[in-house]
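First up is the structure itself, then whatever we jot down about it.
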Amino acid sequence: MSSVIGVDLGGTKVVAACLRGREMGDSVLDATDRSASGALIDQLVAVVGRIRPDDLAAVGIGVPSVVEFATGRVVSSVNIPLTDVPLRQVLGDRLGVPVFVDNDATAAALAEAHDMDLRLVARNLVMLTIGTGLGGGIVLGGRIYRGATGGAGEFGHTLVGMPVDEDARVPAPGQSFPQHGSLEYAAAGRGLDRLAAHAAQERPESALGQRRAEGLPVLGADAVEAAKAGDPVARDIVEIWAERVGIGIANAINTFDPEEVVIGGGAARAGEMLLEPARQIALGYVVPGLRGRANIRLAWHGVRAGVLGAALLAAHEVEKSGGHVDGLPSEREPLTAHEEASS
């Protein structure tokens, strides 16, 4: 039986695990070495080496970057020093096995299209990954959709705010990203941070206001925790944030008509406090013909989605090239749960 390794490379940590058949091994984790591209590549080689089995067929890696998938070159990268690095070639030469590189959110979307038994159950799926920033991935027809250049799925940079008066001009674009009118600016982790800080200043009697009075930082995660504890101001803040996420979900449904929209990343820890208001707002903004058709849910695979998706990516690419990874589902003729039950 042959195996693959998935690597989830983030701005703060590197996670890797081995996938054999339908079983994921234990993860190994390191703090990301962002000192230089060479040092980071050395680290990736070392992390793979720590769990490398004798029957390794390929390695998949998800990176928080725009990737030219055909060559595995990192086109642009903000948080890690890999811009213009031909990562597929460099790691392939170092590891001696095929390496496949893709955007991390795209890899996570591929994982979420599979259930806990790694059966492909959603041919058409959109995933929003909400953490410090806001990214996403798209699966269409059971396969990853990358767009013409590998940059598809940047849902955070969709524009959700602009003047609507009859004589209003479109404002000049800003010089940096995220743009003020973008979904990422409004609904990513930093957007929730701003909402929490403003509430702490305006409502000193609230739990967030008390943190501010004590000289403690007030961040979005604090708002979520205070909301879970029942603080009404924090609950309002989290609801506003969730409604903003709902606008992003509506845009995804109106554009792609998916079977499922999945919310992942650190935001998923907010659970139903995020999901239910987001779902209600999304349903209100989805065009009538599509309303109620897509399942909107939190990610199944949690923090493991990135590493699992990278491993599945490697397995599928091995299969495309004529190889096979024993025990894994075929990508060539994927079945939805309905089709599987009917066959």
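The values are calculated or read from the model by the stated rules, or taken from the named source; none is laboratory data. Just so you know, these numbers come straight off a predicted model, no measurement behind them. Every residue, glycine among them, receives a Cβ derived from its backbone with ideal geometry; neighbour counts consider all protein chains shown.
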- request: Quickly run through the stretch 165-190 and pick out the residues that are of a type in the set (Lys, Arg) and surrounded by 14 or more Cβ atoms within 10 Å (Cβ to Cβ).
  value: ARG190
statement: For the stretch 74-106 the number of residues that are among the charged types (D, E, K, R), assigned to a helix (DSSP H, G or I) and closer than 12 Å to GLY60 by Cβ is 2
Condition met for SER65 (modelled with pLDDT under 95, polar (S, T, N, Q) and over 29 Å from THR149 (Cα atoms)): no
message: Show the residue pairs meeting these rules: Cβ distance below 7 Å; 6+ apart or different chains; first residue within the stretch 222-247 and among the small types (Gly, Ala, Ser); second residue part of a loop (DSSP other than H, G, I, E, B).
response: ALA234/SER206
field: Candidates ALA223, ALA282, ALA267 - the one that is in a helix (DSSP H, G or I), buried (at least 24 other Cβ atoms within 10 Å of the Cβ) and modelled with pLDDT under 95
entry: ALA267
statement: All conditions in (1) surrounded by fewer than 18 Cβ atoms within 10 Å (Cβ to Cβ); (2) touching a Pro at 6+ places or on another chain (Cβ under 8 Å); (3) of a type in the set (D, E, K, R); (4) touching a residue at least 12 places away in the same chain (Cβ under 8 Å) are true of ARG94 except (2)
